[in-house]
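I have placed the structure first, in the form of structure tokens, so that the comments after it can refer back to it.
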Amino acid sequence: MGKRSSKAKGGEKRVVPMPNAPVASRLYAYVIDWALGGIVSGFPAVVAYALLTRRTDMFSDLYTFEALGFPWAVGIGVGCLCVVAAWFYFIFIPWKIWPGQTPGKRISRLRIARDDVAASPVSLPQLIVRQALVGFLLEGSGFVVARYIREMAVLITRVDVNYYWEIAGIVITLISAVMALALPARRALHDYLSRTRVVPAEGHPLYEEAVR
């Protein structure tokens, strides 16, 4: 969805300013994406574990493969598949399938947009910064795939960075949440760093009110 405009007197187009999405709607979208995105991101690991081990117990972490006698690279490969699945859900879908919308934002009638008055369509580089660089790597506690990334880092470096990285991610996520709640712009850290914001989409009461 692009910017909304209507004709003013003289035939000129008037840009309709889009409001920021309310916190409650963003929280609703976040919960949906955390659950659905986690299922999609972890699906390759669950399938790989079942096929390679022929076991029926629950998959726990990427370290399991090496503990069961598989080469350490197996855990890395499975982790990469999980990252690809997460990339599809959090970046490809809002880039190509539903512009600016993950499934959670689609259900919540929200969309990610550029940080301008008209909330122009978000670009691929902005999505990569927002969802992957900040979301997966910094605000890791909000994405299930972040755990697989940390575990891959441990498998590659043989240094237990998981614990401290996870603690740092929790702190950054809390700071980001406070920013979204306390600041008038209702923008989290990932919004500022990617120069984006979340706005109502078609079907949301605030959207209909803005374009009325």
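The values are calculated or read from the model by the stated rules, or taken from the named source; none is laboratory data. Note that the coordinates shown come from a computational prediction; the quantities given were computed from them, not determined experimentally. Note: ideal-geometry Cβ built from the backbone for every residue, glycine included; neighbour counts use all protein chains shown.
Check region 203-212 and report whether any residue there is surrounded by 17 or more Cβ atoms within 10 Å (Cβ to Cβ) and not in a helix (DSSP H, G or I).
Keep residues of region 203-212 that are surrounded by 17 or more Cβ atoms within 10 Å (Cβ to Cβ), which gives 204, 206-207.
Narrowing further to those that are not in a helix (DSSP H, G or I): 204.
Yes: one or more hits.
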Completion exercise
Only one of (1) at pLDDT 95 or above; (2) under 18 Å from the mean Cα position of the chain (by Cα); (3) surrounded by 14 or more Cβ atoms within 10 Å (Cβ to Cβ) does not apply to VAL46, and that is (2)
Exercise for the section: Could you please find all residues in region 98-135 being touching a residue at least 24 places away in the same chain (Cβ under 8 Å) and of a type in the set (Gly, Ala, Ser)? Expected result: GLY100, GLY104, SER108, ALA113, ALA118, ALA119, SER120, ALA132, GLY135
Handout entry: When residues of region 49-68 are limited to those that are more than 20 Å from PHE143 (Cβ to Cβ) and among the charged types (D, E, K, R), the one modelled with the highest pLDDT
Key = GLU66
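When you go through SER60, SER25, SER41 one by one, which is the residue that is surrounded by fewer than 16 Cβ atoms within 10 Å (Cβ to Cβ) and either under 30 Å from PRO103 (Cα atoms) or of a type in the set (D, E, K, R) (or both)? Quick ask: steps written out before the conclusion?
Numbers: SER25 fails: surrounded by fewer than 16 Cβ atoms within 10 Å (Cβ to Cβ); SER41 fails: surrounded by fewer than 16 Cβ atoms within 10 Å (Cβ to Cβ).
None of the others qualify; the one that does is SER60.
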Fill in the blank from the handout: GLU166 fails exactly one of (1) surrounded by fewer than 18 Cβ atoms within 10 Å (Cβ to Cβ); (2) under 19 Å from ARG197 (Cα atoms), namely (2)
Completion exercise
The one condition GLY11 fails out of (1) surrounded by 15 or more Cβ atoms within 10 Å (Cβ to Cβ); (2) at pLDDT below 95 is (1)
Handout entry: Given (1) more than 21 Å from the chain's Cα centre (by Cα); (2) without any contact (Cβ under 8 Å) to a residue 60 or more places away in the chain; (3) closer than 13 Å to LEU81 by Cβ, index of the condition THR56 fails
Key = (3)
Handout entry: Residue match in region 96-116 (condition: over 16 Å from the mean Cα position of the chain (by Cα), within 30 Å of PRO71 (Cα to Cα) and not aliphatic (A, V, I, L, M))
Key = no
Problem - In region 157-212, residue nearest to SER123 (Cα to Cα) [restricted to those that are among the charged types (D, E, K, R) and modelled with pLDDT of 90 or more] - result: ARG195
Exercise for the section: Please specify each residue of region 118-163 satisfying the condition of being under 15 Å from the mean Cα position of the chain (by Cα), surrounded by 17 or more Cβ atoms within 10 Å (Cβ to Cβ) and assigned to a loop (DSSP other than H, G, I, E, B). Expected result: VAL122, LEU138, GLU139, PHE143, VAL144
Practice task
Just name the residue that is nearest to ARG195 (Cα to Cα) out of those in region 92-117 that are surrounded by 20 or more Cβ atoms within 10 Å (Cβ to Cβ) and either among the β-branched types (Val, Ile, Thr) or modelled with pLDDT under 95 (or both).
Solution key: ILE112
